[in-house]
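Contents: one structure, followed by commentary.
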There are 2 protein chains.
Amino acid sequence: MAEKEVQAGITVKKDADFSEWYTQIVQKCELADLRYNIKGFVCYLPWAVRSIKKMYSKYEKALEKTGHEPLIMPSLIPESNFKLEASHVKGFAPEVFWVTEAGNGVKFEERLALRPTSETALYKMYSLWVQSYKDLPFKRYQSCQVWRYEGKMTRPFFRGREFHWIEAHDVFSTEEDAKAQVKEDMRITYDMLEGEFAIPIIFFQRPEWDKFAGAIHTYAADALMKSGKVIQLPSTHLLGQNFSKPFGVKFKDKDGEDKYGYITCYGPAISRIYGAMIAILGDDKGLILPFDLAPVQIVVMPIIFEKSKNEVMNKCEKIKELLEQKYDTKIDARDDVSAGFKFNEWEMKGVPIRIEVGPKDIEKKQVMIFRRDLGKKIAVLEKDIEKTIDNIAEEFTENLKKEQLGRFNDLIVDAKTKKDVEKAIASQKIARCPFCSIDMDGEKCASMVEKEIQAFVRGIKADGNEKPRNNDKCVICGGKAKEIVYIAKSY
Amino acid sequence: MAEKEVQAGITVKKDADFSEWYTQIVQKCELADLRYNIKGFVCYLPWAVRSIKKMYSKYEKALEKTGHEPLIMPSLIPESNFKLEASHVKGFAPEVFWVTEAGNGVKFEERLALRPTSETALYKMYSLWVQSYKDLPFKRYQSCQVWRYEGKMTRPFFRGREFHWIEAHDVFSTEEDAKAQVKEDMRITYDMLEGEFAIPIIFFQRPEWDKFAGAIHTYAADALMKSGKVIQLPSTHLLGQNFSKPFGVKFKDKDGEDKYGYITCYGPAISRIYGAMIAILGDDKGLILPFDLAPVQIVVMPIIFEKSKNEVMNKCEKIKELLEQKYDTKIDARDDVSAGFKFNEWEMKGVPIRIEVGPKDIEKKQVMIFRRDLGKKIAVLEKDIEKTIDNIAEEFTENLKKEQLGRFNDLIVDAKTKKDVEKAIASQKIARCPFCSIDMDGEKCASMVEKEIQAFVRGIKADGNEKPRNNDKCVICGGKAKEIVYIAKSY
């Protein structure tokens, strides 16, 4: 990164041109490099990877706490596995990368899929691992990458041909247990996305025509971006016995009978969540990151004059020693760039706290503490540094979350007519409106929405609490509305 | 896992039939499942994955402490990248899996390699990322899997067609700096493998004919298995300018001149190290694991009689609460299997500490503490539990390490003649002997060793301290010995 570019910082307002803003964020904060020479594949750079690793760690802990154990599966899947569930293969076939040969001229008899998702690798093994009701519930997850030959335009972190996710696949003895798992998956999603990553979401039950290939029901979280488009974040799927039958995932029940298991699968795409997070939280100055996820949480900045250099550096070292036990702390002692340059750079990179130490501060036995979320600087007595930092650490992410949740509520607009929907979409909002049906008989109206408003029916709220009133009419066909749906543009 | 199988435990002595012993360990401790339906690909199961994750975490910390930053690279490499360095492509071509098509009938113009190692993906990007002497040293690592279409027989964890490793790739402005990095890599290897995983190793400089494809020098750690075969564990390679020239990894030096960087790469294969670790540390009863790496570190075992059941369970819960702050602690309260069954199962699975609590112990205000490494049980007063466990936690791995290092030294035998070498190999040891040369002029003698003794010249000790005496003759050709080499059977 040439210094001039950093100094210039982000040169476009997020509100004015979100797409260019995101491109600059990715490039200038050194998050990803798009110059890798395969289309749709990018390199993730250290500043992003360090946050992504922290996100993985939080998510894995949450899954383990709810009884999931980790697996590592092969990333190749034989085509014959892949073909066992008909609607699954139909849904994924256009997106599969195939390995067909190896070494010096060995052609495989059967093609091997680079996993686009692992149902068809796992459930063949689950048929061996699950034998008795005593083995249930059977809950496993793996952290891995998947490959999808996407037709849509790619965008770093949001959408690419290789992305990094967690997939959890659980087997239960009853449909009720499986449904309870879907609810637990949604709760984990709220805990992580809203609680830890400060990303406001709504969970939708997707319409029949927009389900995961092979699912009975799909529940997916949508977040709304500054561009007015929603992005699908984690989804959880009730697969029922759709896969357990073709793959033979059976168990001997207490009554001695062989029964098919009920399966759920849950897929938080960590790299995509990272993309949504930086897009939603960032501002005109650059990245804003939840406190726990920042690669550097505190940067200590000596304000250096020749005469007091040693004294200032010693003080900075002492502060670093004090804080690095608990926090990722760094001293920026570069002397070939100005203090202003350094301030801008760390603000752009989203470091939550900056501590400035100059000769005058030392005289006053104080330091200056700058918070990236509030954009404010305060003087803090030396003896109060640790306490102050602990307080900021505790409230920083909570603060971001409050701000985002507040903003999100204003973005949902009730619509009674097609015109209302068009108006809401044009003003980059989400329309909530009566709609005929989310079963297949509603698909025709949904494709009208797609064609005429360039927006999508995202489904009904997953908590099932919103019902149309008796006289509500579908905003498209004018027929009786069976549902209240949400319509939005989407990535 | 059927209970009868566990109850039977490991049914073969490690000394008597190492290969069958390892097979049983992998199956009965539920570490991997070999029934996945692609040859050479296996599923890693939770008990192994939980240790492997802990190993990754330790290794990544060690690399970050020495200035390496994490990357995530695409796992596909265009064939044109792959062909840029001639000896590299020659060495790896027989092992590459190729992606040739995607979706419904899209054939790629250029084949895409599933990375067998990432030099040719990374260095193309390094030519963009490294521009100035100020960017150096440039140190990056990624944790990922690699795929190799191996001809040799596969064995879970040791050798497979997909394995999990870390690769670190560093660029320096001088050859001296690069050489110093190779030394640092070796030090990290000793810290991790001997210090943390209790695996004794020797670092060898590999002979010219056994180098990494494209390297100037290869330094590799060998561990000796109970079978009398050595296994190659991490290796570090001095690539010099061999890759920086074809890939254009250049920097503008202080003097204003464009110069090619000096590159090193280092590849600890975590899944393979895990295999070596369980193979080396285990005993006739099953797994023995370093304390920090055990998925469960302490199992609390209530000895249940109907009358005292509640009291005993309460005590167990209290002990768990006390210890789970610091240690992975689990209560085994199953009542459908006997206490003896449970003891055997957890010993087989390598849980370092078992705490037994029965009604008599409660009367005496004590518990029984069993250590897996010593196979001994002691009575400990309730008030001393925490202190006792802390002490065991601290010395457990140290203990394993001492035992293994002692054993290892006895396994190296000095040989003066070919007969001596044959004798050492036949008694499952490593022969140390004078040898003509590890440059290409020694290859003929090395292939004699391979053909006639079914063993391999592993190289010279990497510390460079062992030199032949003036009159020493090569054990094969009788010519002047320029080196002291080590000869062993190998995996």
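Test B:S87 against the criterion of being in the same structural domain as B:G160 (by TED's automatic domain parsing) and free of Cβ contacts under 8 Å to residues at least 40 places away in the same chain, and give yes or no.
no
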ask   = What do you reckon, is A:F97 farther than 21 Å from A:C144 by Cα and in contact with an Asp or Glu (Cβ under 9 Å, 6 or more places away or on another chain)?
value = no
Qualifying residues in the stretch B:440-467 (those that are open to solvent by less than 40 Å² (accessible area, probe 1.4 Å) and touching a Cys at 6+ places or on another chain (Cβ under 9 Å)) - the one farthest from B:T218 (Cα to Cα) = B:C445
inquiry  = List the helices (runs of 4 or more DSSP H) inside the stretch A:1-111, counting only whole elements, that have at least 3 residues being farther than 30 Å from A:N242 by Cβ.
reply    = A:3-8, A:18-28, A:46-65
request  = Considering only the stretch A:74-109, state which residues are farther than 24 Å from B:C43 by Cβ and polar (S, T, N, Q).
outcome  = A:S87, A:N104
Of all residues in the stretch B:74-98 being more than 7 Å from chain A (Cβ to nearest Cβ) and of a type in the set (A, V, I, L, M), the one that is surrounded by the fewest Cβ atoms within 10 Å (Cβ to Cβ) = B:A86
note = Of the residues in the stretch A:35-51, those that are β-branched (V, I, T) and surrounded by fewer than 21 Cβ atoms within 10 Å (Cβ to Cβ) number 1
remark   = Selection over the stretch A:253-266 where residues are farther than 18 Å from A:E176 by Cα and touching a Lys or Arg at 6+ places or on another chain (Cβ under 8 Å) yields a count of 1
ask   = With respect to B:Q232, is the statement that it is open to solvent by 10 Å² or more (accessible area, probe 1.4 Å) and either β-branched (V, I, T) or under 20 Å from B:A431 (Cα atoms) (or both) true?
value = yes
key: Selection within the stretch B:1-57 - at pLDDT below 95, out of contact with any strand residue (DSSP E or B) (no Cβ under 8 Å at 6 or more places or on another chain) and more than 24 Å from B:S490 (Cα to Cα)   = B:M1, B:A2, B:E3, B:K4, B:E5, B:V6, B:Q7, B:A8
message = Restricting to the stretch B:422-433, name every residue that is in a strand (DSSP E or B) and open to solvent by less than 20 Å² (accessible area, probe 1.4 Å).
response = B:I430, B:A431, B:C433
remark   = Expected single match for surrounded by fewer than 18 Cβ atoms within 10 Å (Cβ to Cβ) and over 12 Å from the mean Cα position of the chain (by Cα) among B:G240, B:G256 is B:G256
remark   = Scanning the stretch A:398-421 for residues that are farther than 11 Å from A:P200 by Cβ and part of a helix (DSSP H, G or I), the one least open to solvent (accessible area, probe 1.4 Å) turns out to be A:V421
ask   = Which condition number does B:K65 fail, the rest of (1) surrounded by 14 or more Cβ atoms within 10 Å (Cβ to Cβ); (2) closer than 20 Å to B:I270 by Cα; (3) away from chain A (no Cβ under 12 Å) being met?
value = (1)
query = How about the stretch A:133-230: which strands (runs of 3 or more DSSP E) wholly inside it have at least 1 residues that are away from chain B (no Cβ under 14 Å)?
reply = A:162-172, A:202-205, A:217-224
query = Just a yes or no: is a residue in the stretch A:310-330 surrounded by fewer than 21 Cβ atoms within 10 Å (Cβ to Cβ) and under 22 Å from A:T189 (Cβ atoms)?
reply = no
Matching residues, the stretch A:38-62, being within 21 Å of B:I72 (Cα to Cα), more than 7 Å from chain B (Cβ to nearest Cβ) and not aliphatic (A, V, I, L, M) = A:K39, A:G40, A:W47, A:S51, A:K54, A:Y56, A:S57, A:K58, A:Y59, A:E60
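Could we say that B:G248 is open to solvent by less than 30 Å² (accessible area, probe 1.4 Å), touching a helix residue (DSSP H, G or I) at 6+ places or on another chain (Cβ under 6 Å), modelled with pLDDT of 95 or more and more than 30 Å from B:E422 (Cα to Cα) here?
Spelling it out, B:G248 is indeed open to solvent by less than 30 Å² (accessible area, probe 1.4 Å), touching a helix residue (DSSP H, G or I) at 6+ places or on another chain (Cβ under 6 Å), modelled with pLDDT of 95 or more and more than 30 Å from B:E422 (Cα to Cα).
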remark   = Only unsatisfied item for B:F291, checking (1) under 19 Å from B:G9 (Cβ atoms); (2) touching a helix residue (DSSP H, G or I) at 6+ places or on another chain (Cβ under 6 Å), is (1)
key: Subset tally (residues that are open to solvent by less than 50 Å² (accessible area, probe 1.4 Å), assigned to a strand (DSSP E or B) and over 11 Å from A:S437 (Cα atoms)) for the stretch A:468-491   = 4
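The values are calculated or read from the model by the stated rules, or taken from the named source; none is laboratory data. Quick caveat, the model's predicted, so the values are computed rather than measured. Methodologically, a virtual Cβ is constructed for each residue, glycine included, from the backbone with ideal geometry; neighbour enumeration extends over all protein chains shown. Quick note on the areas: whole protein, heavy atoms, side chains included, nothing else; ligands and nucleic acids left out. Shrake-Rupley method; radii C 1.70, N 1.55, O 1.52, S 1.80 Å.
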